[in-house]
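Q: Before we start, here is the structure in question, set down as structure tokens.
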Amino acid sequence: MLGKMGVLMNKFLIGTIGLLGATTIGSTILTQQVSADSKPKTVTVGLVGDSDRQLWNYVKKDAAKKYNINIKLKLFTDYVKPNQALVDNSIDLNAMQTIDYFNEQNKHLGNKLVAIGKTYVTPIRMYSEKHDSLKELPKGGTIIVPNDGSNEKRALDVLEEAKLIKYDHSKKVPGVADITQNKKNFKIKEVNSEQTASALKGVDAGVVNTNYALDAKLDIDKALYTEPVNKANKGYINIIVARKDKQNKKVYKQVVKAYQTEQTKKHMHDLYGSAEKAAWDIKLK
């Protein structure tokens, strides 16, 4: 039989072993949590055009450093597929469209998407490889415009602001058929957005989205006409888009934060000069 001292020693040893066991289990759980937290979170972002990819390569580094996020970029060649890919869960986010274009496309896709952050605004411009000014455009000359949704409306706005045409603003999605005044009888030709820059050689002028203009090395400072940036054009601000049912994911909000920094503004200016302007804190008059 154990004496009092033996019983006390037994209790002490059992308590110590229990404490050590609990400490070991707690340490294991903590190690597993740290390991899980330290594992990079992967987010796939859909883009259109190589110029946006260059900027997002900088954002990738900031996201990895600040939030331990591994951003994977998926490039598309048109503006339609990235939204469908988001609906299909093929990508996590996309950053390739204006507010106006998004609103139109989202309706067709069942309103399953939502904007979660602003990126930049970039005036769309009219270019020519044959003429140096609007006055030089000949009667009956050919002008190309992008043929997709709000991009075509935006192009028609540019032509109207440049006093080349007028069109019916009662149309929700206007096209060339809705032009009501064309005093110089320009042939307004619709082409795919990604083909506008390459098609300039065979026409008198064309309205080209800035990402395609940059990819084609067009001289922005020699554009025939530049769209004004004002409150009326706020629908042309570009955005980051997510699925509506996933919009509140912490990692997505962190991607937005990684983008919306002063460092991104600097990279934007270094890459594009005056072609783009950060939009998340812009004040439009």
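Q: Limiting things to C-alpha atoms, what are the Rg and the maximum Cα-Cα separation (Dmax) for segment 125-227, in angstroms?
A: For segment 125-227, the Cα-based Rg and Dmax read 12.3, 36 Å.
Q: Let me ask something else about it. Can you pull the accessible area of E194 for me, 1.4 Å probe, Å² to the nearest 10?
A: We get 70 Å² for E194.
Q: Given a 1.4 Å probe and every protein chain left where it sits, what share in percent of the accessible area of segment 125-227 is carbon and sulfur? Mind showing how you got there, number by number?
A: Values: 2270 of 5050 Å².
Within segment 125-227, the accessible surface is 45 percent carbon and sulfur.
Q: State the three equivalent ellipsoid semi-axes of the chain, derived from the C-alpha gyration tensor as the square roots of 5 times its eigenvalues, in descending order and whole Å. Provide the component values of the computation, followed by the final result.
A: Numbers: eigenvalues 660, 65, 40 Å².
After scaling each eigenvalue by five and taking roots: 57, 18, 14 Å.
Q: Taking a probe of 1.4 Å, how large is the accessible area per residue of the chain, in Å²?
A: About 54 Å² of surface per residue is accessible.
Q: Next question, about the same structure. With Cβ to Cβ distances under 9 Å as the rule, what net charge do the other residues near G175 carry (K, R +1; D, E -1)?
A: Working: positive: K153, K171; negative: E152, D178, E190.
Spelling it out: positives minus negatives among the neighbours equals -1.
Q: Ranked from the most accessible area to the least, with a 1.4 Å probe and all protein chains present, what is the order of H267, H108? Mind dumping the intermediate values first?
A: Details: H267 25, H108 140 Å².
Result of the area sort, largest leading: H108, H267.
Q: Too long at a 24 Å Cα-Cα cut-off: which of K139/K201; K66/K285; K72/K265? List each step's numbers first, then the result.
A: On the way: K139/K201 18 Å; K66/K285 34 Å; K72/K265 21 Å.
In this structure, K66/K285 lie more than 24 Å apart at Cα.
Q: In degrees, nearest 10, range 0 to 90: what is the angle between the Cα axis of helix 4-38 and the longest Cα principal axis of the chain?
A: Once rounded, one gets 10 degrees.
The values are calculated or read from the model by the stated rules, or taken from the named source; none is laboratory data. Just so you know, these numbers come straight off a predicted model, no measurement behind them. Counting neighbours? That spans all protein chains shown, and the Cβs are built from the backbone with ideal geometry, glycine included. Only protein heavy atoms, including side chains, enter the accessible area calculation; ligands, DNA and RNA are left aside. Shrake-Rupley method; radii C 1.70, N 1.55, O 1.52, S 1.80 Å.
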